[in-house]
Structures are given as C-alpha cells and as structure tokens.
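Shown next, in structure tokens, is the structure this report addresses.
The values are calculated or read from the model by the stated rules, or taken from the named source; none is laboratory data. Because the structure is predicted, anything quoted here is derived from the model rather than measured. We place every Cβ from the backbone using ideal geometry, glycine too, and count neighbours over all the protein chains shown. These area figures cover heavy atoms from the full protein model, side chains too; ligands, DNA and RNA do not enter into them. Shrake-Rupley method; radii C 1.70, N 1.55, O 1.52, S 1.80 Å.
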Amino acid sequence: MSCNTSVTHVHVSSVDQAQKAPVHLIPCEIEHNGPAQVSQYFTATIKDRKHEKTVSFRGRGLKGQELSCPQGYTGLVLKEINKPGSDQEDRTVKVSSVFDKLTYWNLETPPNSDDTVVRAMDWPDLAEAVSTFNKINLKFMVQ
Amino acid sequence: MDISPYETDNSVSCRLTSQIPDVCRKEDCCLGIDEAGRGPVLGPMVYGICFCPVSKKEALKDLKVADSKTLTEAERENLFQKLDEAKSYVGWALQILSPNTISTSMLQRTKYNLNALSHDTAIGLVQYALDSGVQLKEVYVDTVGPAEKYEEKLSQLFPGIDVTVRSKADSLFPIVSAASICAKVARDHVVKSWKFAENLGEVDTDYGSGYPNDPKTKAWLLKYLDPMFGYPQFVRFSWSTAQTLMDSKAVTVHWDDEEEDGEKAAQRQNNRSMLSYFGASGGDNGQNPTQQTHRFFTERRLRSLNTL
C-alpha cells in the first residue's frame, strides 16, 4: 500500500503548443515505456478494409477501429518533466501531445459496440447527468 | 510467372492460376500437389497443383520435369517455361501463404497449426480444379506427415477420385514434380523481390536460404530485430528461431491469452492471485472492501486516479 501525499501538477498551458498525435490502444502489455518506430513498423502495415482495420503485432492478428473522444473532451498524452527522487515530492507533467480520436485494437475479434473502451466513453455523459444532482467530480482514466 | 497480384498485398494469402486447358474439361485428368518453403523462417509457403489429361502423362515425362529440390534455380525457371509452353494440356494453380498468414494462424487464440493449414490449402486447390471443371480422376500428393491418414482424409473428401499420398512423391510422379516446380519458382520470385510494407529504407536482401540454420539467415535476423516490433512481416513470428531471438533481445510483451504462471501474472499486475489466499501469509490486508467499485466501472475498466 502506498501512502502517497505528493501532488501531481499538470502544466495546462502546454496544451496550446501540443501537436495532435495518432494514438493506438493495443490489447497487450508491453514492458517498455519510451519511443518506438510506430510509423515505420505499425502504421505502414495497417490495412484499411471496409468496416475494420487490420494489422499484426508480433505475429498476432489485430482488428481495430477509430474511436472519437467524447464530445467536449480532449485526449492528453502526458509526460513527466523531472522524475522526483521520492514519492513524497510533488510531480509535474506537461502535455506532450493531444488527440481527439484514437484507434483501438482487439486481438483477432472484430471491433464492436460491446468493446470495453467503446463503453468507457459512456461515462462522461453519465457523469454529467450524475453531477447535476450531486456535485461530485470524478477523475477517471482508462486502464 | 507473374506474381504481381500477390505483391499488391503480401500480408495475405493469394491464389495465382493458369488458364484451364480445354482438354482438361473433357478428358480424365491427373493432378499433383506439392509445396515449397515449409521450413524457412522467412517468406511465404507456396502450395502448388499441376494437372493434365491422364493420356498426356508420357508427354509430361518427356518435358523431363524432376523434383524441384534437385534442380538449380535456372533449371527450374527453364522447366516452368516448358510447362507454360505446354499450356494447351497442362494447367496449374498456386496458393501463396504469406508469412503474416502463417504467423497469425499459428499464433491464433485457437491455434491453427502448419499441418492443418497445409491440408486445408491443398484441399482448397483441389476444390478449385474441380470447380473449374477439370475432370479429376487421379490425385498425387507429396507429404511430410503420415501418408495413410492424409490419404484417407482426401479420399473421403473427394469420392470418385483415386488419391495417392506418398512421401517424396515429387520424385516419383512427374505431375507432382511439375507442381513442385511451379511452387518453388513462385516462392523464389516472391522472396527475391519481397516488397517490405514497413518503412525500413534500403533493406539488405542477403538473407540466404531463409532456413534457420543458414548463417546468412541468422545474421539477417539479428540485424533486423527491432526491440519493440520484433520483425517485419517477412519473418514468420511463429518460428522458434524468431521467438528465441525476440525473447532475448526484444522487450517483453504479455497477451491476455498467454499461459503464464498465475502467481507471476498477478504480481506483475500488482494484485493478488487466488493462490495467495492459500499461502502461509494469507489473509485480507488488501483494499478496503467498503470501497468496492461498481460494476459499471469495472466492466469499462475505469478507475479513479489519485496518482500517475
């Protein structure tokens, strides 16, 4: 259990300089955090068929589709500027890029409206409905 | 041989066919099946059928077709030319199984192994010949697996056709040799002029035979390993050679259908597996049960954040 008392600050002003970036959500966990040759290997091999996109990653077949961010929302890619030495220190992140849509990928299954991430986008509407009764403000993220 | 239909999208499987000779629709025919490029870690596997009237078996023998493996590349090209010149009575069809098809099939959630893929491809080609009106009476098949079972399977699928499955059929029956030449010529062409869909700039094409034990192939696989993506689609990811190299030199990737030790997976995901409840240090010191998340959120994998 962590007893984290630090505060994370987001440099909101960096939104203005941030470029739009293509974002892919892929159905696996990669033990890596950092740059990768996405456009050379991944984007270049995506096939756009009528109702779905196909690609493969590490020899496994993926099917995907584009998904827009909920109306009025912007996706943010955050980057930590200086990693703090301990978990007691405050942290600062800046917006490195923004997105208004993303491409999510399923392992072999055609994309459909029951997919977790599609349904996750229900939350903003629901949250708004709830908060008109109750001034609760919930932060959320997609795991 | 024109392989351009395959080159428009070399990530998927593609069928190339000759014209069907008129005589094959009228007379009883024999058909041979063979494959090229089963073993290599690079490039496609090509299945080939070749067919002609039974009455032309001798004429085919006179073309001096032989097992493609005993021939040089130039000899194979030459023999393919001869088969093409005999198109009034010889027809062929090829199924090019792209390396990406092989990888994604063999690594599918419900595994589709190379033998099953091979059999289905061969069956598909025989069916193509039948659908095109070829009067099939005899089918000869080269196989690497057990011949009897395969022969039984094909005989049941194609009643009325005399099916012969033999290992080394490509050196026993000229019509199988002819099929093996068509398949091998196609594979040679494809490998030689492989167009990388990836944006890799100039790619070194000195990849040797493509067999895992070829030092040139090994060197190429080391040179073109990307720590994130592994390899371009030219490589069969399902081959242990490729897997071993990625295991040692590329970043680890976890898929949800992977067989992984439950305890280890739980540790990695920073939660506890069922097994830990049976351990000596078991007991509930985890999350406060009163803060249980509603199904609405867990189903959507949403969670409230207090740290990054």
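Observations on the model:
- Candidate lysines for bridging to residue B:153, where Cα separation is under 18 Å - those fewer than 8 sequence places away on the same chain excluded: B:137
- At least 30 Å² of accessible area lost relative to the chain alone, listed for region B:224-241 with a 1.4 Å probe: B:226, B:228, B:229, B:233, B:237
- Spatially proximal lysines relative to residue A:83 (Cα-Cα < 22 Å; intrachain offsets below 8 disregarded): A:94
- Cross-link pairs beyond the 21 Å C-alpha cut-off, checked among A:53/B:218; B:69/B:149; A:20/A:101; B:216/B:249; A:63/A:101; A:50/B:111: A:53/B:218; B:69/B:149; A:50/B:111
- Reachable lysines, given that their alpha-carbon falls under 18 Å from the alpha-carbon of residue B:64 and they are not under 8 places away in the same chain: B:56, B:82, B:87, B:168, B:184
- Spin-label model distance (nm) - residue A:25 vs residue B:247, 7 Å beyond Cα toward Cβ: 3.2 nm
- With a 1.4 angstrom probe, the accessible area lost at the A-B interface totals about 4200 Å².
- Carbon plus sulfur fraction of accessible area for the protein assembly as shown, probe 1.4 Å, in percent: 50 percent
- Cα Rg, Dmax (largest Cα-Cα span) when computed across region B:42-96, Å: 12.0, 39
- What the protein assembly as shown shows is 55 Å² of accessible area per residue, with the surface traced by a 1.4 Å probe over protein heavy atoms.
- More than 35 Å apart - percent of Cα-Cα pairs taken over chain B: 36 percent
- Each stretch of four or more DSSP H residues adds -39500 (n - 2.57); spread over every residue of chain B, this sum gives -11000 deg cm²/dmol at 222 nm.
- Between residue B:304 and residue A:16, the C-beta separation translates, for a Förster distance of 25 Å, into a calculated FRET efficiency of about 0.35.
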